[in-house]
Amino acid sequence: MRLLIMGPQGVGKGTQAKLLAEHYGIPTISTGDIFRANIKNKTELGKKVLEYTSQGFLVPDELTNEIVRDRLAQDDAKNGWILDGYPRNVAQVSALDEILEGLGEQLDAVVALTAPTNVLLERMAKRAKEEGRADDTPEAIQNRLNTYDKETTPVLDIYQQRGKLVTVNGVGEIDAISEEIVKALDAKLG
């Protein structure tokens, strides 16, 4: 199973990706987690990433594409994966298409989680307080939500046209949302 999980920040992608990974026995690949680990460990990549994220900007495509290409080629991803946080724009869709073609793989489905903006803002403010995430300032949060609307919403349109999109409400009990995702994927993939 090769899945994308998409949605605005704070919608619960990471949480649901972990549950789906357990359910399907495949790894979750989160570009955000990769970036944060590098920031925490003060690697060269981390320093580059921090230049962007501390201001609420997204990491440039070229850097992100290379990380994804490398990660999808690793042994634990041979039998499937859930990609969280990528692709986030139309150019990255093309890059992912090329990466998958090079690996001889195909995307099975795209899960899009949705939630009202006020819920997202509330969740991210709580996360910033609990996790002490420097990239979750109110200004950075709003900037990322605006960027998502502008750049990522067209990605969902592409996957809808390709017949790959499954949309699920990201508000409610975590387990109930997870069950809804699995039910929708089972119905789509038969």
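Read the figures in this text as sums done on the coordinates, not as results from a lab. Keep in mind that this is a model prediction, so the values were computed, not measured. Ideal geometry is used to build each Cβ from the backbone, glycine not excepted, and the neighbour counts take in all protein chains shown.
If packing is taken as the average number of other Cβ atoms within 10 Å across a peptide's residues, how do 101-108, 115-122 rank, most packed first? Walk me through the intermediate numbers first.
On the way: 101-108: 12.0, 115-122: 14.6.
Packing order, densest peptide first, comes out as 115-122, 101-108.
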Notebook entry, point to check: Spin-label point model (7 Å from Cα, Cβ direction): what's the E66 to I158 distance in nm?
Noted result: 2.1 nm
Margin query: How far apart, in nanometres, would the label points at T117 and N143 be if each is projected 7 angstrom from Cα along the Cα-to-Cβ direction?
Written below: 1.8 nm
Note to self: Please list, in order along the range 99-114, the HN-Hα scalar couplings obtained from phi with the Karplus expression 6.51 cos²θ - 1.76 cosθ + 1.60 (θ = phi - 60°), rounded to whole Hz, x for Gly and Pro.
What the structure shows: 4, 5, 4, x, 8, x, 10, 10, 7, 8, 7, 10, 9, 10, 8, 10
Note to self: With unit charges on the beta carbons (Lys and Arg positive, Asp and Glu negative) and the dipole taken about the Cα centre of the chain, which residue among A17, Q55, P154 sits farthest to the positive side?
What the structure shows: Q55
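Mean residue ellipticity at 222 nm from the helices of the chain, using -39,500 (n - 2.57) per DSSP H segment of n ≥ 4 over the full residue count, to the nearest 500 deg cm²/dmol? Please report the intermediate quantities before stating the final value.
Numbers: 9 runs with 108 residues, N = 190.
That calculation yields -17500 deg cm²/dmol at 222 nm.
With respect to the cross-link table entries K126/K164; K150/K183; K40/K150; K13/K150; K13/K47, which display a Cα-Cα separation exceeding 22 Å?
Details: K126/K164 32 Å; K150/K183 30 Å; K40/K150 29 Å; K13/K150 19 Å; K13/K47 25 Å.
Beyond 22 Å between Cα atoms: K126/K164; K150/K183; K40/K150; K13/K47.
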Notebook entry, point to check: Extension gain K126-K78, at 0.36 nm per residue separation less the Cα-Cα distance, in nm?
Noted result: 13.7 nm
